[in-house]
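What follows draws every value from the coordinates through simple rules; no lab data is involved. Worth saying up front: this structure is predicted, and the values here are computed from it rather than measured. Positions of Cβ are backbone-derived with ideal geometry, glycine not excepted, and every protein chain shown enters the neighbour counts.
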Amino acid sequence: MNQSASLDGPPAGAMPAWRFGLAAVVVALMPLSFNLGPYLLADKKPLYLSPLDVLLPLLILVLLADLAKGRLRDWAPPAANLCWAVLALASLGWLSYSTRAEWARSALLQTTLVVLFAVWAFRLVVTDARAGRRLALVLGASCALCLLYALYQYVQPRGEPLPPGETDRYFGGGVTDVRVAGWYPYRAVLAAQIAMLVPAAAAFAALDSDPVVRVGAWAFAAVGLCVCLSGGGVLAAGAGVLAVAVVLWVFRREDAPGGASTWGPRRTAALVVAALLLVAVVVLPRLPRRNPAVLGRTLSPWIEVEEDGRKQQVPSARLRRFQAAWNLLVSKETLPLPKDRWATGVGAGGYQSATNQFYASEYPKPGANIFDEKEFDTKGNEPLTFSLLETTAVELGLPGVVLMLCTFLTWIAAAAGAFARLEPRDASARALALAALGAGVGALVYSVFGSPLLRGPGGSFAFWMGLALALNAWSRAGRAEAARP
């Protein structure tokens with residue numbers, strides 16, 4: 001790395017004000033999502049869209065203008081992201097169960113838009129670490145509003161489950177555990193945000209030079225873990241926080257004067273772990289909604305229910321879906337399935353329709369999304385809880401799973417490499433790199449339980465991966481090479 005320059009400067013490489021303003025608007029609004037299916041689709045099926053879907057093309061136009069003027073040197077998208085998107089698009093040629101509309105929702109609106117184009121845009125639109133830090137704070141402030149609303153829902157008395165057929169957001173007095181989700185319709189969407197943003201907040205709490213930001217980051221992380229009632233989200237967030245502590249411990253360097261780690265990085269790492277244990281062991285068990293029991297229920301493969309006056313163990317909806325997905329992958333049935341479904345999958349968007357054909361009698365099919373909310377986790381699917389890992393295996397086969405894992409590993413390795421190379425004086429860049437790493441680990445772990453690519457959380461996925469790739473490139477080339485006019 002060029003030792004004579006810092007990634008936090010000089011001002012000559014600063015991001016232009018108009019460019020930062022456009023990016024800030026995109027980042028501030030992208031945590032929102034809206035179900036426009038009832039208004040746009042004839043079958044009224046859910047179709048969640050985000051302001052990111054509308055504003056992302058503006059960022060891409062800016063980058064295409066830069067590319068046409070020769071300002072972008074390292075402009076190629078990450079290979080793993082590109083190949084994953086191409087495979088999803090190519091699966092149109094071998095759809096087994098999904099329709100073209102379902103293929104478009106998965107291959108276009110999810111994989112291609114979020115994993116490829118949005119990551120590429122954030123990789124290139126941010127041109128210096130100071131601007132990246134400010135954008136991260138904008139994202140944190142936007143999601144903090146969502147957390148505050150979730151906290152308001154959390155402290156309300158428990159409400160009755162919504163009647164069967166009602167799946168829209170519910171903001172009235174009294175909210176069930178499923179609805180403690182801020183402005184999202186279900187806890188699974190909020191959990192995806194928690195999985196990425198709590199580890200990122202832990203990194204800022206550990207390294208940021210502004211004490212106000214550090215205090216806000218600690219508060220964000222604590223509130224996020226307390227109001228999240230999805231076990232997968234809390235588990236993934238905890239894994240991301242631990243990854244932040246491990247990297248601090250392994251790649252130890254004295255922080256710049258005025259930073260958060262004046263006692264040394266290893267003691268800071270110990271503080272991060274201690275704070276996580278304090279919340280998990282001391283705070284969560286004492287919260288009024290019995291968080292440990294609720295979180296355990298969302299993770300357990302078997303759930304105890306009472307029917308006809310006696311208690312019995314029933315397979316959870318998650319276990320039933322997994323069993324059906326496994327039955328599909330190992331089945332010797334061919335038509336309409338591809339003969340070698342491990343190699344191709346059933347095509348993007350086909351997960352639910354395909355697995356519906358492979359539920360066994362001992363693991364009966366969970367109810368549809370419109371079923372009674374009180375049966376979620378047992379007889380009914382909580383919407384938006386499908387595992388990205390499981391879904392990718394069914395839809396794109398083993399190649400899809402490999403490309404998905406390569407995408408996450410590219411993200412995490414880029415962030416770790418940047419953090420290892422950065423100097424203590426690069427305070428903003430180091431905090432960003434550590435935050436991106438924690439977010440990447442959280443997103444990877446959460447992919448076992450749900451999807452970080454949903455509308456709303458998908459913007460956070462793209463933002464943190466794009467910054468990780470940018471920081472890695474800047475730290476390799478040195479500030480003089482990284483700054484673009």
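Annotations for the structure displayed:
- Packing rank of 139-148, 280-289, where each peptide gets the mean count of other beta carbons within 10 Å, highest leading: 139-148, 280-289
- Length gained on full extension, W18 to R71, computed as 0.36 nm times the residue gap minus the Cα-Cα distance: 17.4 nm.
- Using a cut-off of 31 Å between Cα atoms, the listed pairs K311/K332; K45/K311; K332/K379; K44/K332 include K311/K332; K45/K311; K44/K332 as exceeding that distance.
- D by Stokes-Einstein for the range 51-178, Kirkwood Rh over Cα pairs, 25 °C, 0.890 mPa s: 133 µm²/s.
- Peptides 47-57, 322-332, 221-231 ranked from most to least packed by the mean count of surrounding Cβ atoms within 10 Å: 221-231, 47-57, 322-332.
- Label-to-label distance, R290 versus L49, with points set 7 angstrom from Cα along the beta-carbon direction: 4.2 nm.
- Based on DSSP H segments of at least four residues, each scored -39500 (n - 2.57), the chain has a per-residue ellipticity at 222 nm of -17500 deg cm²/dmol.
- Direction-averaged projected area, Cα convex hull, the chain: 23.1 nm², rounded to one decimal.
- From least to most packed, judged by other beta carbons within 10 angstrom and beginning with the fewest, Y363, Y39 follow the order Y39, Y363.
- Rg/Rh for the range 13-119 stands at 1.03; both radii use Cα atoms, and Rh follows the Kirkwood definition.
- Among 309-321, 436-448, the peptide with the highest mean count of other Cβ atoms within 10 Å heads the list, and the full ranking is 436-448, 309-321.
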